[in-house]
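Nothing in this text is a laboratory measurement; each read-out follows from the coordinates by a stated rule. All of these numbers come straight from a predicted model, not from anything done at the bench. We place every Cβ from the backbone using ideal geometry, glycine too, and count neighbours over all the protein chains shown.
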């Protein structure tokens, strides 16, 4: 299993562009969905083609509303950047 980590330093620039915030939130949701799908398929065995399909499915699912986390994250980050 691949674990993605993000380290934020105090000097890291804050994104204030709503479009960038939304894109980052959707990318986060896509990664989360991908991890859920990967966990679900771990039991049945997985191959690299299946992993790629899961990643693409997760990205498309997140773009179409997914779990609904993208808009919530966007809203939270937008409030903090104001």
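Observations
- Cα→Cβ-extended label distance, 7 Å offset, between residue 79 and residue 16, nm: 2.0 nm
- Length released on extending from residue 72 to residue 60, taking residue separation times 0.36 nm less the Cα-Cα span: 2.5 nm
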